[in-house]
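> Can you read through this structure? Questions will come right after.
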Amino acid sequence: MREFIVEADGGSRGNPGPAGYGAVVSDAATGETLRETAEYIGVATNNVAEYRGLLAGLLAARELDPAATVHVRMDSKLVIEQMSGRWKIKHPDLKPLAAQAARVFPPGRVTYEWMPRAQNKHADRLANEAMDAGARGERWSEAASTAELHAAPRVAATPEPPGDAAAGAARVRDALAAGQAAAGPAGPGPDAASASAREATSPSGGDAARTAETQVGAEAETQVAMDAEARGGADAETQVEVDTETGEHVTAVRPAEAAADARAGQAVAEGDITRADADVRAAAAETPVVKAEADVRPAAKAGTSAENADAHAAKADADARAAKAVAAPGWAPADMGAPATFVLLRHGETPLTPQKRFSGSGGTDPSLSDAGREQAERAAAMLARRGTIQAVVSSPLARTRETAGIVAARLGLDVGIDEGLRETDFGAWEGLTFAEVRERHPDDLNAWLASPDAEPTGGGESFAATATRLAATRDKLVAAHAGRTVLLVTHVTPIKTLVRLALGAPPESLFRMELSAASLSVVAYYADGNASVRLLNDTSHLR
């Protein structure tokens, strides 16, 4: 697995004022510069420019290799501490930028380190070049940049062994333990955060996806630090420190020379973009992996006893409470607000579904069968009883649009179409069974099963490309529906990919998921970039 170093910076001449950012991606093993990027962004604060630089650097690294690990180095203690999970993000201009940055790579694949400004000359010069170009009414040009000529020689980092989900979780626990030991009895804030973090990472603790939310360390009020960031481009540093006697956070604006001795610890950042794999098994069992909190049953029929009617009423109340729990922010603090909750509905059956044939974006685009329409009606009835859906968005394919239309009509909502929710294009395999593909294209099938980068015969879409598309679609929809509950009507591969990315799970985890026709899954996305899988493959409404 490749490892990149991302160095980023941003500045504002006026804070707020004309602003720009710069970022550079280098090879961790050789120190070679692989990519430079910079942009003038108009009037903004230093902190917004710094976050924009971080995001640009991470995106550039992902373009080079979406499977790589990344070590971010910046001279903004604010950004490093917030992205490491030790400080909360409260400023509304920074929350969405931090959330986007956290999702570029999955958990455990990005680490953060503070460095003195004197060591960040390359990114600093790129940021100033971008601001200079903006002042001239021009765009920054990589070809004309001289930033690297004035940068200090790079020192190649020592490569680490390839990581996995277990290793990433272990690194989080190590960081939490180190933060707890460092915090000691300094004050109630860090101690409370430590307790929450210990509970979150214990076998019986709550939602593990909220780990970064409760990481210990200085949970500074960052508004003061952001507003106090030094003026004059990217040439000053704001420090937020903890008074060891009182536990209070003290903000001071310092020049780069005074900040050179401060160092930030490394921790695992949260995010969830990675190469995707997906399972297109020939058989799809109907048994749900995770059952709903409460099955939804038909209303009491005529002649039902009063006792049964009361039981149904109690059941309806339980359903309402369960629905509210799905949409609630869970462990998120009050300032985080409600998550964007995606209820993922796989379309109903088509004539190809019982035959277990490949049916993606490049085939005949079948409509629902009679059985599929009945499944959609049942899903619609259950969702109407729950009453939590606020918007409906569908893949553009016929089977999903038809399913979404049936549900939306029951809910009294319109259907939005998003191209990014379409199924993978299976190329020449469209309409074939798994056995037929193995017989006709054995080498291509074996390569496709072995690597998410392999494409189906005839130039279909790889699972890695599908994951990149779905991640971008997810980010767009999360930003558009913050705090809302949205029904996404889509397909097997998109739903499994979204669940896998939310979990930060390895590719082989997808071979342990089943996803039935017209099943429901739920994923909640928080403002800090974390995700929580609430439900998977619920088919209780179909029984």
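> Does D27 qualify as being touching a residue at least 24 places away in the same chain (Cβ under 8 Å), open to solvent by 20 Å² or more (accessible area, probe 1.4 Å) and within 22 Å of W114 (Cβ to Cβ)?
Judged against the criteria, D27 is a match.
> Conditions first: (1) open to solvent by less than 30 Å² (accessible area, probe 1.4 Å); (2) outside any loop (DSSP other than H, G, I, E, B); (3) in contact with a Gly (Cβ under 6 Å, 6 or more places away or on another chain). L445 passes all but one, so which condition is the exception?
All conditions are met except number (3).
> Let me ask something additional. Are any residues in the range 44-57 touching a helix residue (DSSP H, G or I) at 6+ places or on another chain (Cβ under 6 Å) and either surrounded by 24 or more Cβ atoms within 10 Å (Cβ to Cβ) or touching a residue at least 60 places away in the same chain (Cβ under 8 Å) (or both), and if so, which ones?
N47, E50, Y51, L54
> Tally time: how many residues in the range 100-129 are open to solvent by less than 10 Å² (accessible area, probe 1.4 Å), part of a helix (DSSP H, G or I) and touching a strand residue (DSSP E or B) at 6+ places or on another chain (Cβ under 7 Å)?
Final tally of qualifying residues: 4.
> OK, next. Could you list, in sequence order, all residues of the range 505-534 that are open to solvent by less than 30 Å² (accessible area, probe 1.4 Å) and not in a loop (DSSP other than H, G, I, E, B)?
Listed by number, the residues that qualify are S509, L510, L520, S521, V522, V523, A524, Y525, A531, S532.
> If you take the residues of the range 480-504 that are part of a loop (DSSP other than H, G, I, E, B) and of a type in the set (G, A, S), which of them is surrounded by the fewest Cβ atoms within 10 Å (Cβ to Cβ)?
Going through the qualifying residues, I end up with G483.
Every residue, every condition in (1) at positive phi; (2) surrounded by fewer than 19 Cβ atoms within 10 Å (Cβ to Cβ); (3) among the small types (G, A, S), yes or no:
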position	(1), (2), (3)
E63	no, yes, no
A67	no, yes, yes
R73	no, no, no
V79	no, no, no
I89	no, no, no
L94	no, no, no
A98	no, no, yes
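> Right, next: Evaluate the range 449-464: report whether one residue or more is out of contact with any helix residue (DSSP H, G or I) (no Cβ under 8 Å at 6 or more places or on another chain) and of a type in the set (V, I, T).
For the range 449-464, residues out of contact with any helix residue (DSSP H, G or I) (no Cβ under 8 Å at 6 or more places or on another chain) and of a type in the set (V, I, T): absent.
> A further question on this structure: Which strands (runs of 3 or more DSSP E) does the range 5-80 wholly contain that include 2 or more residues that are aromatic (F, W, Y), under 19 Å from the mean Cα position of the chain (by Cα) and closer than 18 Å to S145 by Cβ?
Passing ranges: none, list empty.
> Continuing with this model, one more query. Please pick out the residue among E436, E461, E455 that is over 30 Å from D528 (Cβ atoms), among the charged types (D, E, K, R) and assigned to a helix (DSSP H, G or I).
Going through E436, E461, E455 in turn, the sole match is E436.
> Return a yes/no flag: does the range 343-350 have any residue that is modelled with pLDDT under 95, open to solvent by less than 40 Å² (accessible area, probe 1.4 Å) and part of a loop (DSSP other than H, G, I, E, B). Walk me through it before giving the result.
First, the residues of the range 343-350 that are modelled with pLDDT under 95: none.
Within the range 343-350 (the criterion being modelled with pLDDT under 95, open to solvent by less than 40 Å² (accessible area, probe 1.4 Å) and part of a loop (DSSP other than H, G, I, E, B)), the answer is no, since none of the residues qualifies.
> Test L503 against the criterion of being among the hydrophobic types (A, V, I, L, M, F, W, C) and over 27 Å from A379 (Cβ atoms), and give yes or no.
No; evaluated as a whole, the condition is false for this residue.
The values are calculated or read from the model by the stated rules, or taken from the named source; none is laboratory data. What you see is a predicted model; the values in this text were computed from it and never measured. Positions of Cβ are backbone-derived with ideal geometry, glycine not excepted, and every protein chain shown enters the neighbour counts. Only protein heavy atoms, including side chains, enter the accessible area calculation; ligands, DNA and RNA are left aside. Shrake-Rupley method; radii C 1.70, N 1.55, O 1.52, S 1.80 Å.
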